[in-house]
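Enquirer: Before I ask anything, here is the structure I am working with.
The values are calculated or read from the model by the stated rules, or taken from the named source; none is laboratory data. None of the values given here were measured: they were computed from a predicted structure. Here the Cβ is made from the backbone with ideal geometry for all residues, glycine too, and neighbour counts use every protein chain on show.
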Amino acid sequence: MIDSHCHLDHEPIISNLSEILVRSKNVGIEKLLTICTTETSFVNILKLIEKDSIIYGTYGIHPHETNNFFVSKNEIIKNVKLNKKIIGVGETGLDFYYNNSDKKSQIESFNNHIEAAIDLDVPLIVHSRNAEEETYDILSKYKEEKPKILMHCFTGSSNFAKKLRNLNAFFSASGIITFKNSIDLQNTFKTIPLEKLLIETDSPFLAPTPMRGKKNEPSFIKYTLEKLAELKNISINEMDVISTNNFNNLFFNEF
């Protein structure tokens, strides 16, 4: 298994990293991708990727943070090139759930991240919440340049997923698909081709059933894998192999 999106620099994970790594390896995790959200986050990620061979990182500014940590395309490129274990750009994207006052900075930041990812030829980790139309419109502008798009913690509509498939996007399932009230999302994941699916925890957030109420951690990814296998009507082992291969193909161009 590969956790394609976690935040190892967040508490309580970073203070208990050794134990969390042991539990991750015990359930069969072979890679952890810890995702950058701010400049401060990146400082910690550069240290984390040196702590264990299974930890990789990204560089990017979360849409909630674009007013505080705005970066140019060239700054993004420079930071990704700092270490070979920084393998993606993000998380970036658009989030208009709480307020729309920073729409302009979010959109400008998103464009900078997309262009940097294209220049670097690395995957772009996209966060989209209450912004389906705007997210698609921006990504589609770059269709001819073939960005490697990974929709993180995908919770969008089936129509949004269908449009994103036209951009050759990958979709990462989080613990949300295990929630009893996520029927629409479960049905959407049933329609996404197997070769476009990854799994993630987004830990320490969004603990899956049956661990809801606890702080999430990478080892809990097994519950998301089990649910995704059920939705796709294949064995857990098959889903494990497919999602692992998809991650390695997207990030390392290998199976």
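Enquirer: Which of the residues spanning segment 18-45 are crowded, with 17+ Cβ neighbours inside 10 Å and closer than 18 Å to Phe69 by Cβ?
Expert: Filtering segment 18-45 down to residues crowded, with 17+ Cβ neighbours inside 10 Å leaves 20-21, 24, 29, 31-37, 41-42, 44-45.
Answer for segment 18-45, where residues must be crowded, with 17+ Cβ neighbours inside 10 Å and closer than 18 Å to Phe69 by Cβ: Thr34, Ile35, Cys36, Thr37, Ser41, Phe42, Asn44, Ile45.
Enquirer: Next question. If you check Ser172 against the conditions, is it buried (at least 23 other Cβ atoms within 10 Å of the Cβ) and out of contact with any Pro (no Cβ under 7 Å at 6 or more places or on another chain)? Write out each step before concluding.
Expert: Details: buried (at least 23 other Cβ atoms within 10 Å of the Cβ): yes; out of contact with any Pro (no Cβ under 7 Å at 6 or more places or on another chain): yes.
The answer is yes for Ser172.
Enquirer: Does at least one position in segment 98-105 carry a residue that is at negative phi and in contact with a strand residue (DSSP E or B) (Cβ under 7 Å, 6 or more places away or on another chain)? Walk me through it before giving the result.
Expert: Initially, segment 98-105 is screened for residues at negative phi, giving 98-105.
Checking which are in contact with a strand residue (DSSP E or B) (Cβ under 7 Å, 6 or more places away or on another chain) leaves us with none.
The answer is no, given that none of the residues of segment 98-105 is at negative phi and in contact with a strand residue (DSSP E or B) (Cβ under 7 Å, 6 or more places away or on another chain).
Enquirer: Keeping to segment 80-95, report how many residues are without any contact (Cβ under 8 Å) to a residue 60 or more places away in the chain and in a strand (DSSP E or B).
Expert: Restricting attention to segment 80-95, the residues satisfying the condition of being without any contact (Cβ under 8 Å) to a residue 60 or more places away in the chain are 80-86, 89, 92-95.
Narrowing the set further to residues that are in a strand (DSSP E or B) leaves 86, 89, 92-95.
Qualifying residue count, segment 80-95: 6.
Enquirer: Return the residue satisfying two criteria in turn: it lies in segment 177-205 and is more than 13 Å from the chain's Cα centre (by Cα) and among the aliphatic types (A, V, I, L, M), and of such residues it is farthest from Ser158 (Cα to Cα).
Expert: Applying the filter and picking the extreme gives Leu194.
Enquirer: Moving on. In segment 96-125, which residue that is within 14 Å of His62 (Cβ to Cβ) and in a loop (DSSP other than H, G, I, E, B) is modelled with the highest pLDDT?
Expert: Checked segment 96-125; the qualifying residue modelled with the highest pLDDT is Phe96.
Enquirer: While we're on this one: Checking Arg23 against (1) among the basic types (Lys, Arg); (2) touching a helix residue (DSSP H, G or I) at 6+ places or on another chain (Cβ under 6 Å); (3) in a loop (DSSP other than H, G, I, E, B), which single condition isn't satisfied?
Expert: (3)
Enquirer: Specify which of the listed residues (Lys196, Lys180, Lys227) is touching a Phe, Trp or Tyr at 6+ places or on another chain (Cβ under 6 Å) and not aromatic (Phe, Trp, Tyr).
Expert: Details: Lys180 fails: touching a Phe, Trp or Tyr at 6+ places or on another chain (Cβ under 6 Å); Lys227 fails: touching a Phe, Trp or Tyr at 6+ places or on another chain (Cβ under 6 Å).
Unique residue meeting the criteria: Lys196.
Enquirer: Applying the selection to segment 73-95, what residues are of a type in the set (Asp, Glu) and modelled with pLDDT of 95 or more?
Expert: Residues of segment 73-95 that are of a type in the set (Asp, Glu), as a first pass: 75, 91, 95.
Glu75, Glu91 - these are the residues of segment 73-95 that are of a type in the set (Asp, Glu) and modelled with pLDDT of 95 or more.
So that you can scan it fast, the table gives a plain yes or no per residue for (1) aliphatic (A, V, I, L, M); (2) closer than 30 Å to Ser15 by Cα; (3) surrounded by 20 or more Cβ atoms within 10 Å (Cβ to Cβ):
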{"site": "His127", "(1), (2), (3)": "no, yes, yes"}
{"site": "Glu145", "(1), (2), (3)": "no, no, no"}
{"site": "His152", "(1), (2), (3)": "no, yes, yes"}
{"site": "Asn181", "(1), (2), (3)": "no, no, no"}
{"site": "Gln186", "(1), (2), (3)": "no, no, no"}
{"site": "Ile199", "(1), (2), (3)": "yes, yes, yes"}
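Enquirer: If you go through segment 48-66 one residue at a time, do you hit one that is out of contact with any Pro (no Cβ under 6 Å at 6 or more places or on another chain), of a type in the set (Phe, Trp, Tyr), outside any helix (DSSP H, G or I) and closer than 17 Å to Ala116 by Cβ? I'd like the intermediate steps shown before the answer.
Expert: Of the residues in segment 48-66, the ones out of contact with any Pro (no Cβ under 6 Å at 6 or more places or on another chain) are 48-66.
Imposing the further condition that a residue be of a type in the set (Phe, Trp, Tyr) reduces the set to 56, 59.
Filter once more, keeping what is outside any helix (DSSP H, G or I): 56, 59.
Next, only the ones that are closer than 17 Å to Ala116 by Cβ stay: 59.
Yes; the residues of segment 48-66 include at least one that is out of contact with any Pro (no Cβ under 6 Å at 6 or more places or on another chain), of a type in the set (Phe, Trp, Tyr), outside any helix (DSSP H, G or I) and closer than 17 Å to Ala116 by Cβ.
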